[in-house]
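**Student:** I am attaching a structure below and will ask some questions about it afterwards.
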Amino acid sequence: MTFQTYRDIGFGLTRIDTGMVRDELAACYLMSGVADAEAWHREEALREADHAIIETGTHNTVPAILRLLDQRGIDRSQVRYVIPTHVHLDHAGGVGGLMQALPEATLLVHPRGARHMIDPSRLKAGATEVYGEAAFAEIYGDVLPVDERRVRTMNDGEQVRVGDRQLVFYDTPGHARHHFCVHDPASAGIFTGDTFGLSYPQLTTAKGPFILPTTTPVQFDPPALKSSIERLLSLSPERVYLTHYDRVDNPMPLGEALLRRLADFVELANTVDARCDASCSEPGELEAALQSAMTHYVDQELEDHGLSLSEDRRQALLGMDIRLNCQGLAVWLQSRRS
């Protein structure tokens, strides 16, 4: 399939590739406020509705979002809400720039994340420390503040209307304490951020999509993430809208695989930690041991799924995720000792 920056995925929704690092790594979504299924096929109805942007990508993604609005004939004042699922910069780095361009929009954010959107200096400083100034500028561009008068926090179970659609917000910690997911009953779907893991299209086989948990630092909490995944499954969704990546249908069996692999991640981390406790004396050795074990595990899971990737191909598709997952597991292991 030819790569598309914008892809209509049905139900009045458009998937937007954020352009971060590589194609088909991260997505955000344009939602129309039309809840009538028949109207989803009428361009005029979609053009005249209220809209929301769910996830924003990075600051570098903002022009692509605005370009789509212009192409669709959607006035910027029609965008009522900007909704990042959490404040990690691949999901919320573009919030400030987008809010400046959308004069009528309100930012809907998790209560634990609001202060970082109002004053993103800590987010920016942390990312710059990790990546360096040059790489930060290339990947993220910038992180701009949002006027606190335009910020609304969404607690567990709260709802908001986007035109005719009623969205329900669920607190879903585990990946991060500042994470919520957004249930869209009109499409029987959920915008899951990172709670429901990652599933790249390049890894889909005759057995279906391939899904992995994302356990990035610094707030990974296995029991909380397990409960959050189970809560999403209890809503009986017919589809999920993943930030990493795109619409995925029939999520119930994927949820079972996700829970199994989450348990495997925890077992793998505990095994490596026990072995490393006696032999790892230098900084970074635990993380290196985790990466070695995680790479072997992922290779085996991919093979069982009908994929045998070269080292270069696996590194290109999953290398960054494996590294970040292992960093998160290492932080979690170390937090239990303190």
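The values are calculated or read from the model by the stated rules, or taken from the named source; none is laboratory data. Owing to the predicted nature of the structure, the values given are computational and were not obtained by experimental measurement. Cβ placement follows ideal geometry from the backbone for every residue including glycine, while neighbour counts extend to all protein chains displayed. These area figures cover heavy atoms from the full protein model, side chains too; ligands, DNA and RNA do not enter into them. Shrake-Rupley method; radii C 1.70, N 1.55, O 1.52, S 1.80 Å.
**Student:** If ARG247, ARG67, ARG261 are ordered by their accessible area, calculated over protein heavy atoms with a 1.4 Å probe, which sequence runs from highest to lowest?
**Tutor:** On the way: ARG247 70, ARG67 120, ARG261 15 Å².
Result, largest first: ARG67, ARG247, ARG261.
**Student:** Return, for the Cα atoms of the chain, the radius of gyration and Dmax in Å, separated by a comma.
**Tutor:** Gyration radius and largest Cα-Cα distance of the chain: 19.6, 66 Å.
**Student:** What dipole magnitude, in Debye to the nearest 20, does region 25-107 give about its Cα centre under +1 on Lys/Arg Cβ and -1 on Asp/Glu Cβ?
**Tutor:** Values: 6 positive and 11 negative charges, 48 e Å.
In total the dipole reaches around 240 debye.
**Student:** Turning to a different aspect of this structure: Taking the Cα centre of region 37-177 as origin, work out the dipole magnitude from +1 charges on Lys and Arg Cβ and -1 charges on Asp and Glu Cβ, in debye rounded to 20.
**Tutor:** Numbers: 16 positive and 21 negative charges, 51 e Å.
Its charge dipole is roughly 240 debye.
**Student:** For region 8-91, what is the accessible area per residue in Å², given a 1.4 Å probe and the full set of protein chains? Before the final figure, lay out the partial values.
**Tutor:** Values: 3040 Å² over 84 residues.
Value returned for region 8-91: 36 Å² of accessible area per residue.
**Student:** Could you check how much of the accessible area of region 194-313 is carbon and sulfur, as a whole percent, using a 1.4 Å probe? Display every interim value, and only then the final one.
**Tutor:** Details: 2680 of 5510 Å².
Its accessible area is 49 percent carbon and sulfur atoms.
**Student:** Excluding ligands and nucleic acids, what accessible area in Å² is computed for GLU104 using a 1.4 Å probe, to the nearest 10?
**Tutor:** Solvent-accessible area, nearest 10 Å²: 100 Å².
**Student:** I would also like to ask the following. Given the whole protein assembly as supplied and a 1.4 Å probe, what does the accessible area of TRP332 come to in Å², nearest 10?
**Tutor:** Counting only protein heavy atoms, TRP332 exposes about 30 Å² to solvent.
**Student:** Among ALA316, ALA257, CYS276, whose Cα sits farthest toward the positive end of the charge dipole of region 251-322 (+1 at Cβ of Lys/Arg, -1 at Cβ of Asp/Glu, about the Cα centre)?
**Tutor:** Going by the Cα projections, it comes out as ALA257.
**Student:** Let me ask something additional. With every protein chain kept in place and ligands, DNA and RNA left out, what is the accessible area per residue of region 154-258? Probe 1.4 Å, answer in Å².
**Tutor:** On the way: 3460 Å² over 105 residues.
I get 33 Å² per residue for region 154-258.
**Student:** Is it possible to state the helix-based mean residue ellipticity at 222 nm for the chain, with each DSSP H run of 4+ residues giving -39500 (n - 2.57), the sum divided by total residues, to the nearest 500 deg cm²/dmol? What is it?
**Tutor:** Working: 11 runs with 140 residues, N = 338.
My calculation for the chain gives -13000 deg cm²/dmol from helical runs alone.
**Student:** Can you compute the modelled spin-label distance between GLU138 and ASP70, with each label point 7 Å from Cα toward Cβ, in nm?
**Tutor:** A separation of 2.7 nm, rounded to one decimal place.
**Student:** Here's something else I'd like to know. Determine the share of region 1-149's accessible area contributed by carbon and sulfur atoms, expressed in whole percent, with a 1.4 angstrom probe. All intermediate terms of the calculation are to be shown ahead of the outcome.
**Tutor:** Values: 3000 of 6600 Å².
Carbon-and-sulfur percentage of accessible area, whole number: 46.
**Student:** Given a 1.4 Å probe and heavy atoms of the protein chains only, how would you sort GLU38, GLU238, GLU285, largest accessible area at the top?
**Tutor:** Working: GLU38 135, GLU238 105, GLU285 65 Å².
Of GLU38, GLU238, GLU285, the descending order of accessible area is GLU38, GLU238, GLU285.
**Student:** Same structure, new question: For the chain, with a Gaussian network of springs between Cα atoms less than 10 Å apart, report the residue from CYS28, CYS280, CYS326 with the top mean-square fluctuation.
**Tutor:** It is CYS280.
**Student:** If DNA, RNA and ligands are ignored and the probe is 1.4 Å, what is the ranking of SER310, SER32 by accessible area, most exposed first?
**Tutor:** On the way: SER310 65, SER32 5 Å².
Ranked from most to least accessible, the order is SER310, SER32.
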